[in-house]
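The values are calculated or read from the model by the stated rules, or taken from the named source; none is laboratory data. Source: prediction; values computed, not measured. For neighbour counting, all protein chains shown are included, and Cβ atoms are generated from backbone atoms with ideal geometry for every residue, glycine included.
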Amino acid sequence: MSRYERSRNYALVLQNVTKYYKNFLAVNGLCLGVKPYECFGLLGMNGAGKTTTFKMMTGDEQISYGKVWVNGLDIKREQKKVQKLIGYCPQFDALLDDLTIRETLKIFALIRGVPYKECKSLGEHLAHEFDFFKHMDKKIKELSGGNKRKLSTAIALVGDPPIIYLDEPTTGMDPATKRFLWTALAKLRDSGKCIILTSHSMEECEALCTRLAIMVNGNFQCLGSTQRLKNKFATGYTLTIKVKKIADHVNVDQEIKAIDNFIQRKFPGAQLKEKYQELLSYQLTNNSIPWSKMFGILEKGKKNLNIEDYSIGQCSLEQVFLSFTKHQQ
Ligand SMILES: Nc1ncnc2c1ncn2[C@@H]1O[C@H](COP(=O)(O)OP(=O)(O)OP(=O)(O)O)[C@@H](O)[C@H]1O
């Protein structure tokens, strides 16, 4: 691919990016292209190599082999120019405890070359966008963990960079704040920014990512849209059965056994994944049975057995993730 094409089509290109810490291979030959209007998710268990990959994409960590281009610029050769194009929210908040939010935003704005007279309005704009305006004059040490993450995410946007790296931005946020941040990030993505995100939340990746990759031991195990990964790797369906409350004198285990026998007979290959109190969760591996037939079978089961209720759904991204990451060392 020519430099012209790289810069024209892709905001970020990784070519065979590899990292050794002494003899330890932390990241192994990653290849990736991400365009504007995309939010790309990097998923993986602890130690998979996500932060190391981020650090190589910012130029903070030397790349052992391979290349990274940002808007067509080689990160090794033109690091200063590249860093101007990137906004970075690190995994751990890099904030100074005794400064207020207002002062923090102003300092970052000045560092990023925002004209002095525009710093105040930019800070206030970001504080409104990320919903921490009422804390503007509080010191960092007085903020909750969630508000610090919101501030760190806002700092990544100072100077309007076209490429934004977010390393676990919603860690420590309550569900409502998380959703607020997702809405703000989706708006950014749709305004043309290229966002690269790491997260341990499948829900977050489903909400935000146009594509994602699952990383195991420094390698990409799979890459694609959430729907594509689910279609390709999440075989079959999940079936959850709620067993009816049974009178004390009846043997519950026998009733559950009868339900299990019925499921095994009707859905050969069904795997009982979880048994928790009155809930049974199965993975149905045969995805050639039509939905109508599955519902027909289960309605019959409901009439004849102690089934209170049931639900069938497509396998989740979490199951895809777990199936890949079980080999992480
Ligand atoms: N400076 C370093 N020196 C030696 N080994 C390192 C260094 N930094 C990271 N590693 C190792 O490289 C591997 C990848 O670490 P990395 O922090 O990139 O993982 P991660 O996917 O970001 O994990 P987490 O989800 O916990 O943040 C780990 O085995 C880690 O111990």
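Odds and ends about this structure:
- T51 vs. criteria modelled with pLDDT of 95 or more and either of a type in the set (S, T, N, Q) or assigned to a loop (DSSP other than H, G, I, E, B) (or both): no
- Residue within the stretch 134-155 that is within 16 Å of the ligand (Cβ to nearest atom) and outside any helix (DSSP H, G or I) present: no
- Just one of the listed residues (K139, K106, K81, K76) is more than 20 Å from L185 (Cα to Cα), in contact (Cβ under 8 Å) with a residue 24 or more places away in the chain and of a type in the set (K, R), and it is K139.
- Some residue of the stretch 207-225 being among the small types (G, A, S), in contact (Cβ under 8 Å) with a residue 12 or more places away in the chain and in a helix (DSSP H, G or I): yes
- Filtered residues of the stretch 24-47 (kept if away from the ligand (no atom under 15 Å from the Cβ), of a type outside the set (F, W, Y) and either buried (at least 17 other Cβ atoms within 10 Å of the Cβ) or in a loop (DSSP other than H, G, I, E, B) (or both)): L32, V34, K35, P36, E38, C39
- Residues of the stretch 48-71 that turn out to be closer than 24 Å to F321 by Cα, more than 10 Å from the ligand (Cβ to nearest atom) and polar (S, T, N, Q), as a count: 0
- Residues of the stretch 61-71 classified as touching a Phe, Trp or Tyr at 6+ places or on another chain (Cβ under 9 Å), assigned to a loop (DSSP other than H, G, I, E, B) and buried (at least 17 other Cβ atoms within 10 Å of the Cβ), total: 2
- Within the stretch 72-117, restricting attention to residues that are within 16 Å of the ligand (Cβ to nearest atom) and outside any loop (DSSP other than H, G, I, E, B), the residue that is surrounded by the fewest Cβ atoms within 10 Å (Cβ to Cβ) is Y88.
Residues checked against (1) under 19 Å from E255 (Cα atoms); (2) at pLDDT 85 or above; (3) not hydrophobic (A, V, I, L, M, F, W, C):
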{"residue": "W291", "(1), (2), (3)": "no, yes, no"}
{"residue": "I297", "(1), (2), (3)": "yes, yes, no"}
{"residue": "G301", "(1), (2), (3)": "yes, yes, yes"}
{"residue": "N306", "(1), (2), (3)": "yes, yes, yes"}
{"residue": "I312", "(1), (2), (3)": "no, yes, no"}
{"residue": "E318", "(1), (2), (3)": "no, no, yes"}
{"residue": "L322", "(1), (2), (3)": "no, no, no"}
{"residue": "T325", "(1), (2), (3)": "no, no, yes"}
{"residue": "Q328", "(1), (2), (3)": "no, no, yes"}
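- For Q15, the conditions (1) without any contact (Cβ under 8 Å) to a residue 12 or more places away in the chain; (2) within 17 Å of K67 (Cα to Cα); (3) not hydrophobic (A, V, I, L, M, F, W, C) are fulfilled apart from (1).
- One residue from G301, G313, G269, G236 being touching a Ser or Thr at 6+ places or on another chain (Cβ under 6 Å) and surrounded by 17 or more Cβ atoms within 10 Å (Cβ to Cβ): G236
- So K273, is it of a type in the set (D, E, K, R) and either assigned to a strand (DSSP E or B) or more than 26 Å from S323 (Cβ to Cβ) (or both): yes
- Answer from I111, I140, I107, I163 - the residue that is aliphatic (A, V, I, L, M) and within 15 Å of C89 (Cα to Cα): I163
- Yes/no for I263 being surrounded by 18 or more Cβ atoms within 10 Å (Cβ to Cβ), β-branched (V, I, T) and outside any helix (DSSP H, G or I): no
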